[in-house]
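Reading through the structure tokens given below for one structure.
The values are calculated or read from the model by the stated rules, or taken from the named source; none is laboratory data. Given the structure is predicted, the values throughout are model-derived calculations rather than measurements. Neighbour counts run over all protein chains shown; Cβ positions are idealised from the backbone, glycine included. Protein only, heavy atoms only, side chains kept; ligands, DNA and RNA dropped before computing areas. Shrake-Rupley method; radii C 1.70, N 1.55, O 1.52, S 1.80 Å.
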Amino acid sequence: MGHGVIATSPANIRRMTSTLHAIFRDQLEQPNGNMDKAMQFFMQATSTGAQEDYSWLGAIPAFEQWLDSRPMTKLRQFGYTIRNVEFANGIECFLNEIEDDKTGQIEMKVRSLADGYPQHVFDQFVSLLEGGVTADCYDGKKFFATDHVEGDSGAQINYGTSALADTSFEAAYAQMLELKNDKGKNMNIVPTHLWTTPSQMTTAKEIVTAEKLASGATNTNANMVGLIIIPGLAVSTNWGLVDLSKMQKPFIKQNRRGVNFTAMDGQTEAQMFYNRKVAYGADCREGYGYGFWQCMHFDVGA
């Protein structure tokens, strides 16, 4: 490819498809900053059917003293289901384009085809993040809400309307530290990162990295958490905190079928015969949903 004329005989087309498949897989393995950023927020689950039930979501039993018999806690049944959806993209190439390709443009198109998957994962992450103020999670409340209750936890908050500032950061941090499980015991949620949009990056850095405040006083918030900048949010004032240290994560990525590279490149296929085209595509089958609200705090900002 990209070195002189490419013959369009069936054998050469098949060889080209094999090469493009390898190129596609190679591109999928390349680092992708946005996908890597998004994957930190996902708890991954393997799916074996059309949908999966997550009724087990909720507070994890704490250790207790073993006296006469092992302490056992019955997991609360909430009833939360994530359905698998098929996602796909594709490109078409005329045989003349293949025959005349001297600069590897088809290879670049296939690499772009592969790049569509990490962008898709990031888009799903952003959709979950933005949708959390209106979408229900496993306890029947909005994922970001002011009235989460489980057993003896009392009403708990992971949603606010404050602008990003030292004081609002400290208030949200303190709220997460005090979150309780269904027995009223502390859940040991400790924020690891402040997340926000690119337009608030300077403010965020001042809050979590500056050694001194504008007044000259010592910044007691310095180096308490890391910083994650999330592009693509519709509201530039959004910000929040997240605990990424736990196995439990805010969101769920449910994997039913991994990314496939497929081709319609046979000489006997109608698309080739009538339209002198070959087609390449990628597809996957997976689901996305909400996990542990306790791990994430969201502020609309102002």
Interchain or long-range residues, amide H under 5 Å from Tyr159's placed H: Ala145, Phe298
Sum of side-chain charges, Asn96 neighbourhood, beta-carbon under 12 Å (Lys, Arg +1; Asp, Glu -1): -2
Inter-label distance, nm, simple model (7 Å from Cα along the C-beta direction), Thr48/Thr81: 1.8
Pairwise FRET efficiency - Thr218 versus Gln30, Cβ, R0 = 35 Å, nearest 0.05: 0.25
Label-point separation in nm, Gln40 to Ser112, each point 7 Å along Cα→Cβ: 3.0
Percent carbon-and-sulfur accessible area, the chain, ignoring ligands, DNA and RNA, probe 1.4 Å: 52
Lysines with Cα under 22 Å of Lys205, excluding same-chain neighbours fewer than 8 positions away: Lys37
Extension reserve of the Asp136-Val149 stretch, reckoned as 0.36 nm per residue once the Cα distance is removed: 3.3 nm
Angle between the chain longest axis and helix 105-131 axis [Cα atoms, degrees, rounded to 10]: 20
Among Gln30, Gln254, Gln44: highest mean-square fluctuation, GNM of the chain, C-alpha pairs under 10 Å: Gln30
MRE, 222 nm, helices only [DSSP H, n ≥ 4, -39500 (n - 2.57), over the chain, to nearest 500]: -9000 deg cm²/dmol
In degrees, nearest ten, helix 10-28 long axis to first principal axis of the chain (Cα): 20
For the chain, share of DSSP beta bridges that run antiparallel, in % to the nearest 5: 75
With Cα atoms, 0 to 90° folded angle of helix 166-177 axis to the chain main axis: 90
Within straight-line cross-link reach of Lys109, aspartates and glutamates at Cα separation under 18 Å, skipping those fewer than 8 residues along the same chain: Asp26, Glu29, Glu92, Glu97, Glu99, Asp100, Asp101, Asp265, Asp283
Segment Gln248-Lys205, length gained on full extension (0.36 nm per residue, minus Cα span): 12.8 nm
Sequence-distant aspartates and glutamates (8 or more away, or on other chains) whose Cα lies within less than 14 Å of Lys185: Glu64, Glu150, Asp152
